[in-house]
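Take a look at the structure below.
The values are calculated or read from the model by the stated rules, or taken from the named source; none is laboratory data. Remember, predicted model here, so these are calculated numbers, not experimental data. Cβ placement follows ideal geometry from the backbone for every residue including glycine, while neighbour counts extend to all protein chains displayed.
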Amino acid sequence: MRIDRFLKAVADVVFPQHLKCHACGREAVVNDYGICSECEQKLKYVPQLPAINGVDELKCGMLYTEPARMALVSFKFNGAVYKKEFLAHYMCVPEKWNADCMVPVPLSANRLKERGYNQSELLAKEVSKKSGIPVRCDLLARIRETEKQSLMTREERSKNLKKAFLASDNCKGLGIILIDDIKTTGATLEECAKELKKHGADRVYALTACCALEEKTESGR
């Protein structure tokens, strides 16, 4: 990770930007999860979504429109890790989900080294604080470097992700919630869920901060 991004990430942890809106970035009076009233009024929420192949049930917090898009992009690509509070606030685990743990979608070793953190893991830990469901990062690994997916179709993404993940046999019999920052085509969540079930997971749900209704976004899930 470049030194300027590293220093920004450290500063965001030590000096959280609670005097600025986590969505639009303006200085403003913000609520407990860091956004101003103007941005909160602009947020659009996700209606009930059909399940993805391999995923028993899917839930997304916000539509990938402004100001959620601005917050997610800066959180994921610009080291603004403090914005996890705002994004995770809308990631609510349904009471009917029978889950034993949460598993963040893993990054490749190279991508993790470049970025310095896994945004999905940070979100999972925030959701764990309010739900009490533990986070397990040992049940799923990314074993193959993949191309960036922002300009790919769903078919191209599916092909790009084949055999990119490996699940542990320790997931046998578990109810798992996959955590990711955004659902676009669902290709990533589908591949992860199938791999977890291949190794014995009993139930796999998926929970994301945002949902993009179009196939091309900066986040590329």
Checklist entry - Restricting the search to segment 60-75, which residues are without any contact (Cβ under 8 Å) to a residue 60 or more places away in the chain and not polar (S, T, N, Q)? => result Glu66, Pro67, Met70, Ala71
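Looking at the structure I just gave you, is Asp202 out of contact with any His (no Cβ under 6 Å at 6 or more places or on another chain) and either farther than 25 Å from Thr65 by Cα or modelled with pLDDT of 95 or more (or both)? Working first, answer last.
Details: out of contact with any His (no Cβ under 6 Å at 6 or more places or on another chain): yes; either farther than 25 Å from Thr65 by Cα or modelled with pLDDT of 95 or more (or both): yes.
Yes: the conditions hold for Asp202.
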Next on the checklist: Quick check on my filter: what residues within segment 182-194 are crowded, with 24+ Cβ neighbours inside 10 Å and not aliphatic (A, V, I, L, M)?
Outcome noted: Lys183, Thr184, Gly186, Thr188, Cys192
Next on the checklist: Pairs please, first residue from segment 129-149 and aromatic (Phe, Trp, Tyr), second anywhere and surrounded by fewer than 16 Cβ atoms within 10 Å (Cβ to Cβ), Cβ atoms under 7 Å, 6+ apart in sequence or on different chains.
Outcome noted: none
Checklist entry - Can you tell which of Pro47, Pro16 is surrounded by fewer than 16 Cβ atoms within 10 Å (Cβ to Cβ), under 20 Å from the mean Cα position of the chain (by Cα) and either modelled with pLDDT under 95 or not aliphatic (A, V, I, L, M) (or both)? => result Pro47
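Consider Glu114 carefully, then state whether it is without any contact (Cβ under 8 Å) to a residue 60 or more places away in the chain and out of contact with any Asp or Glu (no Cβ under 6 Å at 6 or more places or on another chain). Quick ask: steps written out before the conclusion?
Details: without any contact (Cβ under 8 Å) to a residue 60 or more places away in the chain: no; out of contact with any Asp or Glu (no Cβ under 6 Å at 6 or more places or on another chain): yes.
Judged against the criteria, Glu114 is not a match.
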Next on the checklist: For segment 22-64, give me each residue that is over 12 Å from Tyr90 (Cβ atoms) and acidic (Asp, Glu).
Outcome noted: Glu27, Asp32, Glu38, Asp56, Glu57
